[in-house]
1. Using the count of nearby Cβ atoms within 10 Å as a rough guide to exposure, how do VAL158, VAL186 rank from fewest to most?
2. I'd like the trypsin sites (Lys or Arg not before Pro) in segment 104-142 restricted to DSSP loop residues with at most 14 other Cβ atoms within 10 Å, sorted by number.
3. Sort segment 83-197 into rounded, prolate or oblate with this rule: let a ≥ b ≥ c be the square roots of the eigenvalues of the Cα gyration tensor; rounded if a/c is under 1.5, and if a/c is not under 1.5, prolate when a/b is larger than b/c, oblate otherwise.
4. Each residue of segment 38-52 in order: what ³J(HN,Hα) in whole Hz does its phi give by Karplus 6.51 cos²θ - 1.76 cosθ + 1.60, θ = phi - 60°, with x for Gly and Pro?
5. Provide the net charge surrounding ALA156, with neighbours chosen by a C-beta distance below 11 Å and charges set as Lys +1, Arg +1, Asp -1, Glu -1.
6. In percent, what relative contact order does segment 23-146 have, based on Cα pairs under 8 Å that are 6 or more apart in sequence?
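Please treat every number below as a calculation from the coordinates, not as lab data. Every value quoted in this text rests on a predicted model; they were computed, and no experiment measured them. Note that each Cβ is placed from the backbone with ideal geometry, even for glycine, and that neighbours are counted across all protein chains shown.
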Amino acid sequence: MHNDGIDKIKQSLTVNLSDLELTDVEISLLDKGLSFIPTCKSLNVFKIYESQHKLIRNLKIKDYFNNGSVANTTTAFTGPSRWTPPDHQVSQPTLDTVQRIIRRTASVLKQSTVHNNCIRINKSLQNNLTSTDRSALNTLRNNESIIIKPADKGGATVVMKKLSGLHEAYRQLNNVMYWNLMTRPVTALLLNWQNYT
């Protein structure tokens, strides 16, 4: 019996560096890898509209900046923009595409039954996780004391204490042999360096 436990540990692709006792179900779930995608049975309507908005914004931005009439005014080290080009500054084919996206999304949502702000999808697909697996996934996802990440080498999944990860990051950042604390912004220095490369 003891050897079976050792064999399980040797075969697992999950390395637990935390204090958390992982269940067999959690280990099995983590062994599927971080690129494993659970079957989705429903979609939140708000997420659909959010994705639609992002797609439309990206289309308009690509159109706006690809016409060549706007000067390149790149500003390094700024936060993400929420700006969207107004319709009068976007080409007609792009506006037509935007309208088709809006109409098609509305058509799909109109044909779907909405329950708790979600629509059912993939009715015919077999679920690739059991209810126990889904419960374990939610438990791991909601555990704020751990970090789950890929190992540097070997394809394993590492579970570590969040504090250990933070301590390691601070240890590396505070190593004056490799990093110096800057007393002023380095934007001008970096822009000058960028012009030489």
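1. Fewest-to-most ranking of VAL158, VAL186: VAL186, VAL158.
2. On the way: sites: ARG104, LYS110, ARG120, LYS123, ARG134, ARG141; in loops: LYS123.
Sites meeting the loop and neighbour criteria: LYS123.
3. Working: a/c = 3.20, a/b = 1.23, b/c = 2.60.
It is oblate, given that a/c is not under 1.5 and a/b is not larger than b/c.
4. With coefficients 6.51, -1.76 and 1.60, one gets x, 4, 9, 9, 8, 10, 6, 4, 5, 5, 4, 5, 5, 5, 4 Hz.
5. 0
6. It rounds to 50 percent for segment 23-146.
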